[in-house]
1. If we scan region 4-16, do we find a residue that is in the same structural domain as SER82 (by TED's automatic domain parsing), surrounded by 11 or more Cβ atoms within 10 Å (Cβ to Cβ), in a loop (DSSP other than H, G, I, E, B) and more than 21 Å from the chain's Cα centre (by Cα)?
2. State yes or no: is VAL20 more than 21 Å from SER82 (Cα to Cα), surrounded by 14 or more Cβ atoms within 10 Å (Cβ to Cβ) and in contact (Cβ under 8 Å) with a residue 12 or more places away in the chain?
3. Restricting to region 42-77, count the residues that are assigned to a loop (DSSP other than H, G, I, E, B) and within 18 Å of ILE25 (Cα to Cα).
4. Hey, does region 20-29 have a residue that's at pLDDT below 90 and among the hydrophobic types (A, V, I, L, M, F, W, C)?
5. Between residues in region 33-49 that are without any contact (Cβ under 8 Å) to a residue 40 or more places away in the chain and residues that are surrounded by 14 or more Cβ atoms within 10 Å (Cβ to Cβ) and of a type in the set (A, V, I, L, M), which pairs lie under 7 Å by C-beta distance while being six or more apart or on different chains?
6. Among the residues of region 46-80, count how many are of a type in the set (A, V, I, L, M) and exposed (fewer than 13 other Cβ atoms within 10 Å of the Cβ).
Amino acid sequence: MAVRVQTALSLPTKKEAEHVVDSVITSLETTLLNHLSTDGFTLKLNGFGKFYVRHRPGIRRKIGFTGETIQTKMKRKIRFISSSVWVRFANGRGLTDMSGHTVLRAL
């Protein structure tokens with residue numbers, strides 16, 4: 001990925017491109033972790049997909065051996081949904097440009 005970033009941004013070294021990639025990923029992680037307590041928070045990346053935070057309430061479970069019923073802890077989940085562009089690509093329809101011409105086709 002660093003080589004593609006280096007080419008796209010015309011960076012002189014691969015090390016600089018790796019730094020850019022690491023900075024972007026770290027920023028995404030930090031943003032998601034800072035909003036982990038916000039149920040329904042969405043981080044949308046146009047053309048790629050979106051991450052969203054969901055809170056699941058704890059449930060009551062019965063322990064089979066003892067017969068005791070316990071309440072489990074609430075869970076916080078981060079889910080990723082890919083954009084429709086990538087879904088179409090994965091289904092073999094390829095990526096198209098604005099005029100509808102196929103730019104890239106899945107293998």
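The values are calculated or read from the model by the stated rules, or taken from the named source; none is laboratory data. Just so you know, these numbers come straight off a predicted model, no measurement behind them. No Cβ is skipped: glycine too gets one built from the backbone with ideal geometry, and neighbour counts run over all protein chains shown.
1. Checked against the condition, which is being in the same structural domain as SER82 (by TED's automatic domain parsing), surrounded by 11 or more Cβ atoms within 10 Å (Cβ to Cβ), in a loop (DSSP other than H, G, I, E, B) and more than 21 Å from the chain's Cα centre (by Cα), region 4-16 yields no hits at all.
2. In short, yes.
3. Matching residues across region 42-77 total 3.
4. no
5. So the pair list comes out as HIS35/VAL53; THR38/VAL53; ASP39/VAL53; GLY40/VAL53; PHE41/VAL53; LEU43/LEU32; GLY47/VAL85.
6. Final tally of qualifying residues: 4.
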